[in-house]
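Enquirer: There's a structure below that I have some questions on.
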Amino acid sequence: MAEDGAYALFCATVDAASAVAGITDQWLLERIKTPERIHQVSIPFTRDDGHRELLTGYRVQHSSARGPYKGGIRYHPNVTLDEVKALAGWMSIKTAVVNIPMGGGKGGITVDPQSLSIRELEAMTRSYTERIWRCIGPLVDIPAPDVNTDSRIMDWLAVEYGRLSGVADPAVVTGKTVEHGGSLGRDKATARGGFDVLEAALHAAGDDLRGKRVAIQGFGNAGANAALLLQEAGAIIVAASDSTAALVSATGLPVADLAAYKDRNAHFCDLTEIERKRADSPLYEEVDILVPAALEGQITAANAERVQARWVVELANGPTTPEADEVLAGRGVHVLPDILVNAGGVVVSYFEWVQDLHSERWLLEEVEARLAVIMKRAFDAVTTLANDRGISLRLAAYAVALQRIADAIREGEVTPRRSISTVIL
Ligand code: NAD
């Protein structure tokens with residue numbers, strides 16, 4: 001299983017990028033790929049009907065070479081150690097690409113959250129926190145939301161950490177509600193960061209968003225917010241899907257209305273006023289820009305030939321398989337890679353952490369302006385390397401990150417690691 005699993009894919013991509021990054025020391029490369037620590041925990045909790053269960057959870061601390069471990073917590077029935085290791089590794093790469101002083105980590109519980117009542121969700125979260133609180137902390141490892149976890153769950157985690165450690169500090173997690181120390185702009189940060197990268201890429205190609213036809217797969221946090229931003233900038237959203245159906249309109253979908261509709265937990269398959277198609281149809285629409293914003297493994301060797309877009313903006317993690325990547329590259333499709341495009345969420349998580357540590361509250365405009373600067377710098381570093389070496393943006397993004405991680409490991413051997421007093425604000 002691990003042979004073909006997500007972690008093996010992570011390692012293969014790192015291996016491929018290591019030559020570009022000039023890393024020839026195999027020991028160093030192994031050190032970069034291998035998680036520093038793996039915590040597997042049992043999570044006892046009691047269902048509302050009194051039934052007692054013992055779940056399995058993880059926290060993988062992949063790399064602290066560039067700063068504290070940073071990464072989300074996922075509640076999903078398919079969570080495995082292999083997946084969490086890969087996700088943790090991707091976080092190390094992501095924080096390095098955007099050059100924030102943090103490392104990579106990830107956590108998860110193997111559970112179907114749909115089966116939990118609110119009380120059960122809270123009890124399980126508190127029990128998981130009881131198991132991991134000794135290995136996380138504001139200067140050690142800072143979790144955040146991921147699939148099926150949200151700001152309310154992060155609030156519970158922060159409160160439980162404070163109760164157990166005796167040190168109440170909101171900086172122990174990010175993605176909290178604004179009332180409990182969350183940052184303004186965090187909810188839209190992933191979409192906005194992706195938007196910033198797309199704008200920069202179009203600009204570099206002498207183009208812009210006006211009149212561009214866009215299809216969006218996945219109309220959740222990332223996809224719906226991206227649709228709103230793209231429409232605001234003059235693009236036309238001609239297709240959007242959730243897991244039940246796609247909606248299409250050649251003249252443009254009513255994006256704000258659809259976002260409000262999804263906020264009510266409604267499904268596209270029940271919307272009769274707009275033409276509906278199969279949920280995967282946005283992938284194949286005749287558009288300029290395709291935004292996969294749902295799940296991993298959506299564009300594969302089996303369907304990459306059917307993608308008509310000239311630009312693929314990977315807001316989802318891992319939507320394109322390596323085989324599909326080759327097909328798209330061969331057809332001249334520009335793929336803006338997940339590792340760069342969806343890093344806006346962790347950048348604003350970093351802003352939240354800095355604000356909490358310094359007891360500051362930044363204005364929304366300040367958050368957005370700082371995010372734009374960081375995303376543009378990352379885009380410039382990645383495209384410069386890609387153009388110099390004639391390689392894909394994905395390989396270049398990995399190589400930029402690997403160089404930074406390798407430098408931090410080498411520096412860390414002779415000088416102490418950066419402390420929070422030298423965090424770049
Ligand atoms: P979400 O749960 O808010 O939304 C996911 C959307 O995708 C939902 O509308 C769901 O119905 C839809 N969907 C699921 N399966 C589908 C399918 N087969 N076809 C079409 N639509 C489908 O999740 P999100 O937070 O928006 O995350 C989406 C992706 O973006 C994930 O890959 C996630 O890892 C990635 N991502 C999100 C963030 C963030 O801050 N939200 C940050 C980085 C990466």
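Enquirer: Which percent of the accessible heavy-atom area of the chain goes to carbon and sulfur, probe 1.4 angstrom?
Expert: Working: 9200 of 18030 Å².
Carbon-and-sulfur percentage of accessible area, whole number: 51.
Enquirer: Quick one: if you stick a label point 7 Å off each Cα along the C-beta vector at Ile409 and Arg331, how many nm between them?
Expert: 3.7 nm
Enquirer: Also, quick follow-up: Roughly speaking, what is the centre-to-centre gap between segment 262-299 and segment 197-232 when only Cα atoms are used, to the nearest Å?
Expert: 15 Å
Enquirer: Tell me, what does the Kirkwood hydrodynamic radius of the chain come to in angstroms if you use every pair of distinct C-alpha atoms? Please report the intermediate quantities before stating the final value.
Expert: Values: mean 1/r = 0.0457 Å⁻¹.
In the chain this quantity evaluates to 21.9 Å.
Enquirer: Tell me, what ³J(HN,Hα) does each residue in segment 274-281 have, in order and in whole Hz, if you take phi through Karplus 6.51 cos²θ - 1.76 cosθ + 1.60 with θ = phi - 60° and put x for Gly and Pro?
Expert: 10, 4, 10, 9, 4, 4, 8, 5
Enquirer: Let me ask you something else. Heavy-atom accessible area of His358 with all protein chains present, probe 1.4 Å, nearest 10 Å²?
Expert: Here the residue's solvent-accessible area equals roughly 90 Å².
Enquirer: Still on this model: Do you know the relative contact order of the chain, to the nearest whole percent, from alpha carbon pairs under 8 angstrom that are 6+ apart? Before the final figure, lay out the partial values.
Expert: On the way: 879 pairs, mean separation 71.4, N = 425.
Relative contact order comes out at 17 percent.
Enquirer: Stretched out fully, how many nm does the piece from Thr251 to Asp25 gain, at 0.36 nm a residue minus the Cα gap? Please list the in-between numbers first.
Expert: Details: separation 226, 0.36 × 226 = 81.36 nm, distance 5.49 nm.
So the extension gain works out to 75.9 nm.
Enquirer: Counting only residues 5 or more places away or on other chains, whose amide H sits under 5 Å from the amide H of Leu55 once H atoms are built in the peptide plane?
Expert: So Leu55 has HN proximity to Ile43, Phe45.
Enquirer: Further, regarding this structure: Of Ala17, Leu209, Gly5, whose Cα points farthest to the positive end of the dipole of the chain (charges on the beta-carbon: +1 Lys, Arg; -1 Asp, Glu; origin at the Cα centre)?
Expert: Ala17
Enquirer: Along the charge dipole of the chain, pointing to its positive end and built from +1/-1 on Cβ of Lys, Arg, Asp and Glu, which listed residue (Ala191, Leu371, Ser165) has its Cα farthest out?
Expert: The residue sitting farthest along the positive end of the dipole is Ser165.
Enquirer: How charged is the neighbourhood of Gly108? Take every other residue with its Cβ under 9 Å from the Cβ of Gly108, and add Lys/Arg as +1 and Asp/Glu as -1. Can you show the working numbers first?
Expert: On the way: positive: Arg59, Arg74, Lys106; negative: Glu83, Asp146.
Summing Lys and Arg as +1 and Asp and Glu as -1 gives +1.
Enquirer: Cα to Cα, under 30 Å, and not fewer than 8 places away if on the same chain: which lysines meet these conditions relative to Lys376?
Expert: The qualifying lysines are Lys33, Lys70, Lys85, Lys94, Lys106, Lys176, Lys188, Lys212.
Enquirer: Quick test of the membrane-span-like rule: which DSSP H helices of the chain reach at least 15 Å along their long axis (C-alpha atoms) with mean Kyte hydropathy at least 0.5?
Expert: Numbers: long enough: 6-20 (22 Å, 1.47); 81-97 (24 Å, 0.60); 118-132 (21 Å, -0.73); 151-165 (21 Å, -0.01); 189-204 (22 Å, 0.46); 221-232 (17 Å, 0.35); 344-357 (20 Å, 0.65); 364-389 (38 Å, 0.09); 393-414 (32 Å, 0.47).
Helix filter hits for the chain: 6-20, 81-97, 344-357.
Enquirer: Report the residue, chosen from Asp155, Asp196, Asp407, that carries the largest GNM mean-square fluctuation when the chain is represented by alpha-carbon nodes joined by springs under 10 Å.
Expert: Highest fluctuation of the listed residues: Asp407.
Enquirer: Less than 11 Å Cβ to Cβ from Gln308, Lys/Arg counted +1 and Asp/Glu -1: what total charge do the surrounding residues give?
Expert: Details: positive: Arg213, Arg306, Arg310, Arg331; negative: Glu285, Glu286, Asp288, Glu305.
Taking every other residue near Gln308 into account, the sum is 0.
Enquirer: Also, quick follow-up: Which of Arg186, Arg74, Arg264 ends up with the largest GNM mean-square fluctuation for the chain, with Cα atoms connected below 10 Å?
Expert: Per the Cα network of the chain with a 10 Å cutoff, Arg264 tops the list.
Enquirer: Okay, moving on. Give me the percent of DSSP beta bridges within the chain that run antiparallel, rounded to the nearest 5. Before the final figure, lay out the partial values.
Expert: Working: 23 of 47 bridges.
If I count the DSSP bridges inside the chain, around 50 percent turn out antiparallel.
Enquirer: For the chain, report the accessible area per residue in Å² (1.4 Å probe, heavy atoms, rounded to an integer). Show your work: numbers first, answer last.
Expert: Numbers: 18030 Å² over 425 residues.
On a per-residue basis, 42 Å².
Enquirer: If you don't mind, there's one more thing I want to ask. For the chain, what is the calculated [θ] at 222 nm in deg cm²/dmol (nearest 500), taking -39500 (n - 2.57) for each run of four or more DSSP H residues and dividing by its residue count?
Expert: Details: 13 runs with 182 residues, N = 425.
Here the helix-only value at 222 nm equals -14000 deg cm²/dmol.
Enquirer: Here is a follow-up. Students often get this wrong: which residues of segment 225-246 have the backbone nitrogen under 11 Å from the point 7 angstrom along Cα-to-C-beta of His267?
Expert: Once the point is set 7 Å along Cα→Cβ of His267, 243-245 turn out to lie under 11 Å by backbone N, inside segment 225-246.
Enquirer: For Ile236, list long-range residues whose amide hydrogen, built 1.01 Å from N in the peptide plane, is under 5 Å from its own amide hydrogen.
Expert: Gly211, Lys212, Arg213, Val214
Enquirer: Find the relative contact order for segment 3-118 and round it to a whole percent, using C-alpha pairs within less than 8 Å whose residues are 6+ positions apart.
Expert: Numbers: 212 pairs, mean separation 31.7, N = 116.
Across segment 3-118, relative contact order equals 27 percent.
Enquirer: Oh, and also: So for the pair Leu364, Thr46, with labels modelled 7 Å out along Cα→Cβ, what separation do we get in nm?
Expert: The answer from the label model is 4.4 nm.
Enquirer: Work out Dmax and Rg for segment 147-215 from the C-alpha atoms and quote the Rg first, both in angstrom.
Expert: 18.2, 55
Enquirer: Normalising by the residue count of segment 332-418, find the relative contact order in percent from Cα pairs under 8 Å and 6+ residues apart.
Expert: 32 percent
Enquirer: Would you kindly state the longest site-free stretch of the chain, with sites defined as GluC sites (Glu not before Pro) in a DSSP loop (not H, G, I, E, B) surrounded by at most 13 other Cβ atoms within 10 Å?
Expert: My reading of the result: 4-272 is the longest stretch.
Enquirer: What percent antiparallel are the DSSP beta bridges of segment 235-316, to the nearest 5?
Expert: Details: 6 of 8 bridges.
Percentage antiparallel, nearest 5: 75.
Enquirer: May I pose another question? Give the percent of DSSP beta bridges with both residues in segment 32-172 that are antiparallel, rounded to the nearest 5. Please list the in-between numbers first.
Expert: On the way: 17 of 26 bridges.
In segment 32-172, DSSP labels about 65 percent of beta bridges as antiparallel.
Enquirer: Okay, moving on. Name the residue, out of Gly345, Gly220, Gly50, whose mean-square fluctuation peaks in a Gaussian network model built on the chain with Cα pairs under 10 Å.
Expert: Most flexible of the set in this elastic network: Gly50.
Enquirer: Provide, for q = 0.20, 0.21 Å⁻¹, the log10 of I(q)/I(0) from a solvent-free Debye sum over equal Cα point scatterers in segment 45-151.
Expert: The computed values of log10 I(q)/I(0) come out as -0.98, -1.06.
Enquirer: Could you tell me what fraction of 2.2 N^0.38 Å the Cα radius of gyration of segment 293-425 comes to, as a two-decimal ratio? Provide the component values of the computation, followed by the final result.
Expert: Numbers: Rg = 17.7 Å, N = 133, 2.2 N^0.38 = 14.1 Å.
Normalised Cα radius of gyration, segment 293-425: 1.26.
Enquirer: Given H placed 1.01 Å from N in the peptide plane, which residues other than close sequence neighbours of Ala294 have an amide H under 5 Å from its amide H?
Expert: Ala316
The values are calculated or read from the model by the stated rules, or taken from the named source; none is laboratory data. Not measured: the values here are computed from a predicted model. Cβ coordinates were reconstructed from backbone atoms using ideal geometry, including for glycine residues, and neighbour counts include every protein chain displayed. Remember, those area values only see protein heavy atoms, side chains included, never the ligands or the DNA or RNA. Shrake-Rupley method; radii C 1.70, N 1.55, O 1.52, S 1.80 Å.
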